[in-house]
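Working notes for the structure below.
Just so it is clear, none of the values below were taken in a lab; they were calculated from the coordinates. Predicted model, so just to flag it, every value in this text is computed and none were measured. Cβ coordinates were reconstructed from backbone atoms using ideal geometry, including for glycine residues, and neighbour counts include every protein chain displayed.
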């Protein structure tokens, strides 16, 4: 059967021993790629390996992070289904996702929505997510999101012609 | 709210009709806001990237049966929930395709051995026939 019938992410999922870990890498990579700060691929790889406590030089990690630049909807869905099927508690996963999404007390709108999606997927209540976010980011989620919006508006004003 | 909903357009309106709607808009403030974002390439790129991600999330929610989740309420859900929900199961599909690939991979060496044996047999018969003809 030709290998083209599998996406690059699917091939990694099939061949790696730990599909759950691979699925989680893609989701965290997707979050890291939504951050506003520009980080090198090496830096993101180090960050992802620290978050997940995996070997930074695992070749699959770099490949998944590359896929996370512009993942297909099917790949993200596959990763989400894998997470939903796992019987592990949702909060530890969500904590890692919050660490990945939070940029020093700022939270972009896409990352806020990804956290909401993960919370629903992992069956974490809105109150549970809000509390965990506040614990990790040391700021309420709504404030982190509003701060991001204010910074974005200020940047947009600064970039206006004639400023 | 997104500019598309504020301009009373369908959520996935493409660039040209969106630009036309902005130029036709009579609401001064809305027109200013839309132009400030949509007509500046850098901002437009960021707005489009953000919108694409939120659309991906809303489609995922629909496919995963999470479009009534506790975290998907209010304006965002109203603006971005797809009109037609298409359920899809990627994990099951991958499982089926991987199993088919495994069976194919297992079958292939068996056919190769059979093919090799048949080829050897036919070659032997051919050589035998040639030798017989030569001896006559």
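See the values below:
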{"quantity": "Chain B: proportion of alpha-carbon pairs further apart than 17 angstrom, %", "calculated": "74"}
{"quantity": "Size of the stretch A:18-121 as Cα extents on the principal axes (Å, biggest first)", "calculated": "33, 31, 25"}
{"quantity": "Histogram of C-alpha separations across the protein assembly as shown, 10 Å bin width, %", "calculated": "5, 22, 28, 20, 10, 5, 4, 3, 2, 1, 0"}
{"quantity": "Length added when fully stretched, residue B:32-residue B:105, from 0.36 nm per residue minus Cα-Cα", "calculated": "20.2 nm"}
{"quantity": "Computed over the stretch B:2-75, the ratio Rg/Rh where both radii use C-alpha atoms and Rh is Kirkwood", "calculated": "1.03"}
{"quantity": "Inter-site label distance for residue A:131 and residue B:42 at 7 Å from Cα along Cβ, in nm", "calculated": "4.3"}
{"quantity": "Paramagnetic reach from residue B:93 (point 7 Å along Cα→Cβ, amide N under 17 Å) across the stretch A:71-87", "calculated": "A:71-83"}
{"quantity": "Stretch gain in nm, segment residue A:86-residue A:40, where the contour uses 0.36 nm per residue and the Cα spacing is subtracted", "calculated": "13.4 nm"}
{"quantity": "Tilt relative to chain A, helix A:90-101 - C-alpha long axis, 0 to 90 degrees, to 10", "calculated": "60"}
{"quantity": "The stretch B:97-135 residues near the modelled residue A:5 label - backbone nitrogen below 14 Å, point 7 Å along Cα→Cβ", "calculated": "B:97-108"}
{"quantity": "Nearest 10 degrees, 0 to 90: helix B:28-38 Cα axis against chain B principal axis", "calculated": "30"}
{"quantity": "The stretch A:77-129: translational diffusion in µm²/s, Stokes-Einstein, Kirkwood Rh over Cα pairs, 20 °C, 1.002 mPa s", "calculated": "188"}
{"quantity": "CD proxy at 222 nm, helix term only [per DSSP H run n ≥ 4: -39500 (n - 2.57); per residue of chain A; nearest 500]", "calculated": "-22000 deg cm²/dmol"}
{"quantity": "Length added when fully stretched, residue B:123-residue B:77, from 0.36 nm per residue minus Cα-Cα", "calculated": "9.5 nm"}
{"quantity": "Cα-based helix-to-principal-axis angle, A:19-34 vs chain A, degrees rounded to 10", "calculated": "30"}
